[in-house]
Amino acid sequence: MQRALAHAYLHRNAPLPTLKNSLAYMTMTSSVSETADAKAIAHRMQLLGVNRNEGVAYVIEELGADETPVVYRLWLRGPRTGYLVPIHSWYEQSETAAEIRARIAALPSLEAVTKSTSEAWMLSTRIVQRRALRVAGPGACSDLIRKFALQLVIEPVSGHGPSGKTTVTAFLRPQAQLVDVWSIPGSECCIARVSYTGVPSGVGLDKDAVVLLTTGLFDE
């Protein structure tokens with residue numbers, strides 16, 4: 001109640017929201033990005049390969065043609081199994097995009113992964129939390145868009161095999177799509193890539209998530 005009263009006081013001189021502001025942004029399910037080529041600036045993840053000695057898979061997230069990519073380690077074993085961790089040390093000296101790509105090229109030889117048939121897995125989603133995000137607009141009254149904590153669960157269609165799950169922050173609509181699944185040679189683990197609306201810039205750009213699939217995750 002205190003937050004509501006404080007919010008009402010701060011916006012006491014703002015015009016009343018129109019029907020578009022109060023309903024459309026909370027109910028519509030289409031992207032509202034003003035960018036013509038939204039797919040070109042979506043945040044895409046790609047699997048670079050696996051380093052068995054380190055027990056990690058290297059993942060790169062492309063943020064745009066002229067943007068510095070983000071490089072992650074996806075841990076395949078140990079206490080951090082399944083965690084996707086950005087390599088912070090690469091960015092401590094304000095590295096440029098060219099320098100980061102040079103570091104990627106200088107990585108020790110990575111073992112290639114094999115693309116699997118994504119139809120062998122099924123993706124299910126569950127909304128863990130619903131919220132609204134206020135986006136500043138040109139006028140005195142800003143707009144609200146939907147924000148979700150969205151749980152992604154990937155399981156084999158046959159009921160037997162590696163599975164995995166993670167929770168991401170989605171905007172506008174709680175929808176996701178299983179795009180790729182890679183199998184790691186000599187291992188029962190797989191890595192899946194899921195696309196969803198996860199960038200509230202524009203608003204409504206796609207973002208990827210990678211999920212480690214292991215056996216026994218949902219065993220009772």
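The values are calculated or read from the model by the stated rules, or taken from the named source; none is laboratory data. None of these values were measured; they are calculated from a predicted model. Here Cβ is always computed from backbone atoms with ideal geometry, including for glycine, and neighbour counts include all displayed protein chains.
Here are the numbers:
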{"quantity": "Strands (runs of 3 or more DSSP E) enclosed by the stretch 69-179 - at least 2 residues per element that are among the charged types (D, E, K, R)", "calculated": "121-135, 143-156"}
{"quantity": "Any hit, the stretch 81-104, residues being of a type outside the set (Phe, Trp, Tyr), exposed (fewer than 10 other Cβ atoms within 10 Å of the Cβ) and closer than 25 Å to Glu188 by Cα", "calculated": "no"}
{"quantity": "Residues of the stretch 57-68 classified as in a loop (DSSP other than H, G, I, E, B) and hydrophobic (A, V, I, L, M, F, W, C), total", "calculated": "2"}
{"quantity": "Criterion (under 17 Å from the mean Cα position of the chain (by Cα) and on the phi < 0 side of the Ramachandran plot) met by exactly one of Thr114, Thr166", "calculated": "Thr166"}
{"quantity": "Leading residue by the ranking (surrounded by the fewest Cβ atoms within 10 Å (Cβ to Cβ)) among those in the stretch 164-194 that are among the small types (Gly, Ala, Ser) and modelled with pLDDT under 90", "calculated": "Gly186"}
{"quantity": "Breaking point among (1) crowded, with 17+ Cβ neighbours inside 10 Å; (2) at pLDDT 85 or above, for Gly161", "calculated": "(1)"}
